[in-house]
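Laboratory data are not the source of any read-out in this text; all were calculated from the coordinates shown. Small disclaimer: the values here were computed from a predicted structure and weren't measured. Every residue, glycine as well, gets a Cβ built from its backbone with ideal geometry; the counts of neighbours run over all protein chains shown.
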Amino acid sequence: MRIKTMMLLFCFGLSQFVYAQSQNGVKDRPQGDLAALRTDVRALQAEQQQIISRLDELKQILQGSGQPSPVSSLSIRGEMFRGDSAARVAIIEYADFECPWCGEYERSTFPQILSEYIATGKVKYFYRDLPLPGHARAVPAAIAARCAGEQGKFWEYHDLLFESLGTLPREDLFKAAEELHLDTKQFDSCLSSGKYKSQIDRDFQDGIRAGVFGTPGFFINGVFLAGAQPASAFEKIIEEELHSGKRESAQK
């Protein structure tokens, strides 16, 4: 039942994506420009194939896993994070750069968590990619953010993408790189290579196995919180974790 429900939701998302893209193509395309229209159709077909491939991957993961994996199996050792390594609370966020709810969380809730808990050394914050099947441009955006990370600008690039949340065409990924004064030749080489695709796939698989079926999703010292919740929802769990001492401290 869980597999059928998830597949129906993602297929609905796929149909909405295809319809929106086709409407944009019709609206923006001058009549008679058949060569450019064919190029757009080929690009759309490629994006649809990416979505179908991710749906197949999701189906295999769901069929191969009974119960969600224990959260303790989500190792965070060696990953980039915001905050103090000695912080007692660790937040792992699973998100998608093309997800509007993720953008809403980043703009409305995260700044408060950043100022009250991360900047004060109480929380260390990890970001993981969970590109949903209906979002064909989420994977290139995730690769681009990691490429920016090679030049020490992962979090700045991450923030910039969510601030200007849109359809994320390739040219916008380069505009963000230019705005951050990255070495665009190095960035282009990294993005074109797709070198971080396997890491992003691993994030996706780990998230699904842990029971994260939508974005954004969060684990706060192992406590799961789903969706773009208000800051008060995070504060409640964080404060409990800071004062209880019952759960193990976050891994360093």
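I'd like the FRET efficiency for S232 and W155, computed as 1/(1 + (r/R0)^6) with the beta carbon distance as r and R0 of 35 Å, rounded to 0.05. Approximately 0.90, to the nearest 0.05. Would region 99-252 count as rounded, prolate or oblate if I go by the C-alpha gyration tensor, calling it rounded below 1.5 in a/c and otherwise prolate when a/b exceeds b/c, oblate otherwise? It comes out prolate by the Cα gyration axes. Mind giving me the FRET efficiency for S189 and S244? R0 is 45 Å, r the Cβ-Cβ distance, nearest 0.05 is fine. Working from the Cβ atoms, E equals 0.40.
Across region 102-135, the residues whose backbone nitrogen lies under 19 Å from the label position 7 Å along the beta-carbon direction of R77 are 124-127.
Which FRET efficiency value, to the nearest 0.05, is calculated for E171 and Q199 with the Förster distance at 30 angstrom and r the Cβ-Cβ distance? Given R0 = 30 Å and the Cβ-Cβ separation, E is 0.80. Just list whichever of K124/K185; K153/K185; K124/K153 have alpha carbons separated by over 25 Å in the model shown. Where the Cα-Cα span goes over 25 Å, the pairs concerned are K124/K185.
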